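These notes are about the structure you will find just below.
The values are calculated or read from the model by the stated rules, or taken from the named source; none is laboratory data. Everything numeric here is computed off the predicted structure, so don't read it as measured data. Neighbour counts run over all protein chains shown; Cβ positions are idealised from the backbone, glycine included. The accessibility values were calculated without ligands, DNA or RNA, using every heavy atom of the protein model including side chains. Shrake-Rupley method; radii C 1.70, N 1.55, O 1.52, S 1.80 Å.
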Amino acid sequence: MSTTVLAPPRDTGGPPAPADRVGRLRRKVLDNLTAYGFLCAALVVFALFSWYPIVRGVLLSFQQVNFITDPEWVGWQNFQTLFADPLFGIAWRNTLLFTGLALVIGFAIPFAVAVVLNELRHAKPYFRIVVYLPVMLPPVVVAILWKWFYDPGPGLFNSALRLFGLPELSWLDDTGTSMISLVIVATWASMGSATLIYLAALATIPGELYEAAELDGANVWQRLRHVTIPQTRFVLLVMMLMQIVATMQVFTEPYIMTGGGPEDSTVTLLLLLYRYAFVYNDFGTASALSLLLFVVLGAFSALYLRLTRTRS
Amino acid sequence: MSTGIQRRTLALALAAGLTVAACGSGDDGGGESAGGKITITVNGQPAKSQPFERKVFDADVAAFEKEHPEIDIEPREGFMDPTTFAAKLAGGQLEDVFYVYLTDPANLIARRQAADISDFVKDVPHYEEIQPELRDIFTDDQGKIYGLPTANYSMGLLYNRTLFTQAGLDPNTPPTTWDEVREAARKITALGNNTQGLAELSRNNQGGWHFTTWMYSVGGQVAKKDGDKWVADFNNDKGREVAETLHAMRWEDNSLGAKQLLEFEDAQKMFGAGKLGMFVGAPDNIPPLVNQFGGDYADVGLAPLPGGQGTLIGGEGYMLNPKATPDKIRAGLTWIQWKYLNPDRMESTLKSYAEQDQPIGLPTAPPNAAADVWTGELQEKQKALREKYANVPVENYQAFVDGLTELSKHIEPPNAQQVYAALDNVMQGVLTNKDADIDTLLADAESKVNQALAQVN
């Protein structure tokens, strides 16, 4: 690749003459030809595997399809089917509950772990690996492993509770504990990545800030509150946004571990979407649900980014 | 969360898969090669991990092609997979002859995703001798036919004869009422050492499927025709009876185990390990119990479904691609009849299976050519041949065979999967909540089932 490809665009200033403008455009295109060539492959892949399916999904939301005859336009009927389904409201409630719990547990714990790891003077790399290890396990393996942990009979947790003479829990089999049990699994499985990102952010905080705070008599909590959190605020906000978007699409844990039960207490939006598409063979309603989720997450992301920018 | 990225990737991959499929050839090809030979694709070929079954299938393809030189079979691995069905159909990749469970045809017919074979069925030998209730599953309201049943099962009660003996029960007189089941389950649970009397399923629609079976067993149903509309029919005394029995077994007797949200495989594992006394299931569970889960044919008993009123029937069949040409439909039907519904091959197939130590004598397929779909003389012939070549303890299943004739046989409700999803909740409620309000559970499920049935109406 020639170095000119990476050269910044040249700006001579002042309004160019039309002939100049064409010439400059031509030169710019030629300068960046190699880059466009590389970009082209990515664009084709995105168009084929991402943008076209999105557009197709939007169209499917207003159609009834059997993949044999031409799609039939049905207006808002798929959305009406969805709104009439009692599970629609339940799935939203469950998904928001999962997201809320995941924010409380899954957001706070990795940050706390990162702060503690950052303070370690010995064996830091070892603990970093230990925290990151679960991320390397496939999600399905994690879910199956935790199913055994949660087994109300010979499972790990109830065996431990029995050992200490504590009352046993039904974990996944109880509507009161099923969702939080799933959140714990999701947090355990994914906290390694978040912890590493927080650690990287903590490493960028200048040591002088802590020294100055200590000289001013700040205790640990005050240093955390007035130095650490403000200095990592941007990373925290970005991670929170990513976590909300990701947790609202929770699927693997309820699909493998509870199937949405007991009594619909873990039916999430993506699980409902999966059922419509692949169990009931109703791709129109499934697409309508995915469109609603897409709009809500899109609006939420845009709002949050705007807030972040304003505050910055 | 990193799993979030994986989930999104999965969703994207699914969507992309559909799209690519939609952009695919969209063409089944003419299927007619030089010399007027018809080529058809068929699924149902067993996986390489089942070498015996695969060898039999491939040998059958070769034998069929020799007998029918005008037809070329392209076998494909696999059976019905709802997660890929639509993508295959959209992309023109669905086989000309494809396998279905008996829960599938109603929806496929309603969505026009199977070929109308009414004009061709008259040429299928012995079609009229297939059990009418099985033929009905592939027939719509106008009498049009869309497929052929090739095997069926009736639900019964599988029980562990060794545990029965250890618990002081007679393994030759299995329970015939739910009260007797309850009593037997109590005694088996009392053996201790994590032994469980009965297991019931409650997730991924299997709970609803079993609740439906229980309803049939006590003379109830889960859906009925009210005029020309389907409505739920389990929020009544029969439904309460079933739910209360299950609740009492779980919470009063503790004979249903602490771990719930089970699926079939969970029950099979416990049974194979000798830790489970009974579970509701069909005879086709017996070979996997022995071959995959470490059970023993001598330990497995099979009784008719307790309750004495009725049982649920299911099974499998084949349908044809809606894009298939008339020539392909004719060739496809010829294959299905030759391979799966062929009385002339009954004895030779049974004999070859027996010679290779495959289980013969179970009240079910395999082998497919001797599947339990017939009526009249063919049914008698099949029974006699099965007895002749039996190599499993048939006396262990005699109660099931004898009792089955007394039970009325019911097919699954319309829109079965959605109905079962709603009924899963009733099972989960009574099995996971000691303070379950059964009336509320039934009423909530009724409203959901009515909504599911409204789509059929």
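Descriptive notes on the structure:
- Charge dipole magnitude, Cβ of K and R +1, D and E -1 - the protein assembly as shown, Cα centre, debye nearest 20: 3760 debye
- When the charge dipole of chain B is built from unit charges on Cβ atoms (+1 for Lys and Arg, -1 for Asp and Glu) and taken about the Cα centre, the candidate among B:Leu362, B:Val100, B:Ala190 whose Cα reaches farthest toward its positive end is B:Ala190.
- A 1.4 Å probe run over the protein chains yields, for region B:126-167, 37 Å² of accessible area per residue, whole-number rounding.
- Percent carbon-and-sulfur accessible area, region B:349-406, ignoring ligands, DNA and RNA, probe 1.4 Å: 46 percent
- Radius 14 Å from Cβ of A:Glu72, net charge of other residues (Lys, Arg +1; Asp, Glu -1): 0
- Measuring heavy-atom accessible area with a 1.4 angstrom probe and counting protein chains only, the residues of region A:161-188 that give up at least 50 Å² relative to the chain alone are A:Asp173.
- Sites B:Phe79 and B:Ser352, calculated FRET efficiency, Cβ-Cβ separation with R0 30 Å, nearest 0.05: 0.85
- Links that overshoot a 20 Å alpha carbon limit, given the list B:Lys66/B:Lys339; A:Lys147/B:Lys269; B:Lys238/B:Lys269; B:Lys48/B:Lys383; B:Lys37/B:Lys328: B:Lys238/B:Lys269; B:Lys48/B:Lys383
- Under the shape rule built on the C-alpha gyration tensor, where the axes satisfy a ≥ b ≥ c, the protein assembly as shown is oblate, since a/c reaches at least 1.5 while a/b does not exceed b/c.
- Of all accessible heavy-atom area on chain A, the percent that carbon and sulfur account for (1.4 Å): 69 percent
- For peptide B:255-267, the mean count of partner chain Cβ atoms within 10 Å of a residue's Cβ comes to 3.
- Accessible area of chain A divided out per residue, in Å², using a probe of 1.4 angstrom: 55 Å²
- Set of lysines near B:Lys229 by C-alpha distance (under 16 Å), chain-local residues within fewer than 8 positions excluded: B:Lys448
- By accessible area, using a 1.4 Å probe on protein heavy atoms only, region B:247-342 has 44% of its surface on carbon and sulfur.
- Top positive-direction residue, dipole computed over the protein assembly as shown with Cβ charges, set A:Leu270, B:Asn205, A:Ile229: A:Ile229
- Residues in region B:193-234 that, when all protein chains are in place, have 50 Å² or more less accessible area than the chain alone would give (probe 1.4 Å): B:Arg203
- Gain in span if fully extended, A:Asn118 to A:Leu30, counting 0.36 nm per residue against the direct Cα distance: 26.8 nm
- Per residue accessible area in Å² of region B:286-344, where ligands, DNA and RNA are left out and the probe is 1.4 Å: 28 Å²
- Here's the list of aspartates and glutamates a cross-link from B:Lys55 could span, going by alpha-carbon distance under 19 Å and ignoring same-chain residues fewer than 8 apart: B:Glu65, B:Glu67, B:Asp72, B:Glu74, B:Glu77, B:Glu347, B:Glu355, B:Asp357.
- The separation of region A:66-86 from region B:332-405, counted between C-alpha centres, amounts to 44 Å.
- Rounded to 10°, Cα long-axis angle of helix B:2-23 versus longest principal axis of chain B: 40 degrees
- Distances between placed amide hydrogens fall under 5 Å for B:Thr39 paired with B:Glu32, B:Ser33, B:Asp72, all partners being 5 or more residues away or on another chain.
- Mean per-residue shielding of peptide B:104-112 is 2, counting Cβ atoms of other chains within 10 Å of each Cβ.
- Computed over region A:53-126, relative contact order equals 14 percent, with contacts defined as Cα pairs under 8 Å that lie 6+ residues apart.
- Shape of chain A, Cα gyration tensor, a/c cut at 1.5: oblate
- Listed peptides A:214-220, B:147-153, A:273-279 appear in the order B:147-153, A:273-279, A:214-220 once ranked by packing, highest mean of other Cβ atoms within 10 Å at the front.
- Distance between region B:139-164 and region A:171-207 - C-alpha centres, whole angstrom: 47 Å
- Based on Cα contacts under 8 Å between residues 6+ apart, chain B shows a relative contact order of 22 percent.
- When each of the peptides A:260-272, B:386-398, B:213-225 is scored by the mean number of other C-beta atoms lying within 10 Å of its residues, the order from highest to lowest reads A:260-272, B:213-225, B:386-398.
- Separation between Cα centres of region A:108-163 and region B:251-288, rounded to whole Å: 31 Å
- Chains A and B together, accessible area buried on both sides, 1.4 angstrom probe, square angstrom: 4400 Å²
- Top positive-direction residue, dipole computed over region B:360-457 with Cβ charges, set B:Val449, B:Leu407, B:Ala390: B:Ala390
- Remark: mean inter-chain Cβ contacts per residue of A:55-68 equal 4, using a 10 Å Cβ-Cβ cutoff to other protein chain atoms.
- Unsatisfied cross-links (Cα-Cα over 19 Å) in the set B:Lys224/B:Lys434; B:Lys88/B:Lys122; B:Lys144/B:Lys323: B:Lys224/B:Lys434; B:Lys88/B:Lys122
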